[in-house]
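The structure under discussion appears below in the form of C-alpha cells.
Each value in this text was obtained by applying a stated rule to the coordinates, not by laboratory testing. Treat the numbers as computed from the prediction; the structure is a model and nothing was measured. Cβ placement follows ideal geometry from the backbone for every residue including glycine, while neighbour counts extend to all protein chains displayed.
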Amino acid sequence: MLDRREMMKRAGIAALATGFCSVRALALDTVTLPFDNGERPLVKYPQKRLLIGQTSRPPQLETPFSIFNDGPITPNNAFYVRYHLADLPLNLDPDKFTLEIKGKVDHPLKLSLQEIRKLKAVDLVAVNECSGNGRGFSNPRVAGGQLGNGAMGNARWHGVPLKTVLDMAGVQQGAKQVTFNGMDKPVMETTPDFIKALDVDHARDGEVMLAYGMNGDDLPVLNGFPLRLVVPGYYGTYWVKHLNEITVIDNVFDGFWMKSAYRIPDTPCSCVEPGTAPKATVPINA
C-alpha cells in the first residue's frame, strides 16, 4: 500500500479538487457505442486511462469493452466510475478521516482509517456492476445514462469484513437494517442524499466488506477512496463510495434511493410483460 504522501501525489487529488474540466475539453478521441446516438468522447481523468465519458458532473466513466479481453481482473485505471451526486470529497485528508458506527448499537464507534487498517484484513474477488449497465440498448429509450456494456468491473478487494466492526459496536436486538452513507453530497438541498440499506443479517454475513484496497493498491479516488462498501453479488448501487457513516436501525429504511429509486418488479423473475406496470416492487438486489 502507498503511504499517504505518495498516494496524494500520485492520485492527483489537487488536480481533481480544482474542478473537472468539461468532458469535451478532456476528450482526446471518440468512440461509437452500438446503439442510436452512441458517439461518446474518450476522456482522461486522474488515476485513469482513456475511458468512455458519459457525463462530467458528476463523472460517469465507462470501461471500453475491449479491456475485458485482457484478463478476469479489471485494472484500477480502467475501472468504471458511477456517481449520483456531484459534490465529491476531493479535499479529504486521510489522516483525519473517520468512519462512524451509530444507531441501535451498544458501543457507538468512530474509527480512523489507521485503526481500520489494523483490524484483521481479508481479500475477496468480486464483480461490481452498475444496474444501468447496457441501458443504451433499451428500446424504447429508458431515462438515465445511456451506457453500453462497460459499466462493470472485477477486482480483488482488500479490507475488513463489515461484521467485524458491527460486532465491535454491538448490534442490539430488534435491529432490522443497516444504512450506509458516503462523503459525496448533493449540490442542491432538494436532492436526496445517497444512502443505501441492507438487512442486518446480510450486513453481518461475513462477506460484505469495508474495502480500502483494490488490486493490491489503495482505492482510486473516483472508486471510493479511502473506504467503500463491497457487497458481493449485489448491484453496484449498494457499494457506497467514500463511506463514512454506518447506522443500525430498527425499521425498514425509507430513503429515496431505496423506497422510490432502484426498484424492480416483485415477481419471481423480477420482470413484467412489456408495456405493463408491476403491481408491486422491491429494492433491486442480487
Just list whichever of Lys118/Lys259; Lys163/Lys241; Lys104/Lys196; Lys120/Lys259; Lys118/Lys176 have alpha carbons separated by over 26 Å in the model shown. Lys118/Lys259; Lys120/Lys259; Lys118/Lys176
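Could you calculate, for the range 210-254, the ratio of the Cα radius of gyration to the Kirkwood radius, expressed as Rg to Rh? Write out the running numbers ahead of the final one.
Numbers: Rg = 12.0 Å, Rh = 11.6 Å.
Ratio value, two decimals: 1.04.
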Stretch Thr190-Ser270 to full length: gain in nm at 0.36 nm per residue minus the Cα-Cα span? 25.7 nm
In whole angstrom, largest first, the equivalent ellipsoid semi-axes that the Cα gyration tensor gives for the range 229-286 are 25, 14, 10
Report the one residue of Gly53, Leu124, Ser260 whose Cα lies farthest in the direction of the positive end of the charge dipole of the chain (charges on C-beta: Lys and Arg +1, Asp and Glu -1; origin at the Cα centre). Gly53
Whole-Hz Karplus ³J(HN,Hα) for the range 75-91, in order, using 6.51 cos²θ - 1.76 cosθ + 1.60 and θ = phi - 60°, x for Gly and Pro? x, 4, 6, 10, 6, 5, 10, 9, 10, 9, 10, 9, 8, 8, x, 8, 10
Give, in nm to one decimal, the length gained when the segment between His84 and Phe35 is fully stretched (0.36 nm per residue of separation minus the Cα-Cα distance). 15.3 nm
Using only the alpha-carbon atoms of the range 131-178, report the extent along each of the three principal axes, biggest first, to the nearest angstrom. 48, 29, 10
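Is there a quick way to get the dipole size of the chain? I mean about its Cα centre, with the Cβ of Lys and Arg at +1 and of Asp and Glu at -1; what is the value in debye to the nearest 20? Write down the numbers at each step before the final one.
Values: 31 positive and 30 negative charges, 89 e Å.
Rounded to the nearest 20 debye, it is 420 debye.
What is the packing order of peptides 213-226, 167-180, 54-67, 135-148, taking the mean over residues of other C-beta atoms within 10 Å and listing the highest first? Walk me through the numbers before you get to the answer.
On the way: 213-226: 21.7, 167-180: 17.1, 54-67: 19.1, 135-148: 15.3.
With the highest mean Cβ count within 10 Å placed first, the list reads 213-226, 54-67, 167-180, 135-148.
Before rounding to the nearest 500, sum -39500 (n - 2.57) across all DSSP H runs of length at least 4 in the chain and divide by the residue total; then give [θ] at 222 nm in deg cm²/dmol. If you can, show how the numbers build up before the last one.
Values: 7 runs with 39 residues, N = 286.
For the chain, the value works out to -3000 deg cm²/dmol.
Once the Cβ-Cβ distance between Met168 and Thr55 is put in as r, and R0 is 35 Å, what FRET efficiency do you end up with, to the nearest 0.05? Working shown, then result.
Numbers: r = 38 Å, r/R0 = 1.10.
Here the calculated transfer efficiency is 0.35.
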Relative to the compact-globule estimate 2.2 N^0.38 Å (N residues), the Cα gyration radius of the range 149-286 stands at a ratio of 1.12
Using θ = phi - 60° and the Karplus form 6.51 cos²θ - 1.76 cosθ + 1.60, what ³J(HN,Hα) does each residue of the range 269-285 get, whole Hz, x for Gly and Pro? 9, 6, 8, 9, 5, x, x, 10, 9, x, 6, 8, 9, 9, x, 4, 9
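Rank-order 242-250, 32-40 by packing density, defined as the average count of other C-beta atoms within 10 Å over each peptide's residues, highest first.
Details: 242-250: 19.4, 32-40: 13.2.
Going by the mean number of other Cβ atoms within 10 Å, highest first, we get 242-250, 32-40.
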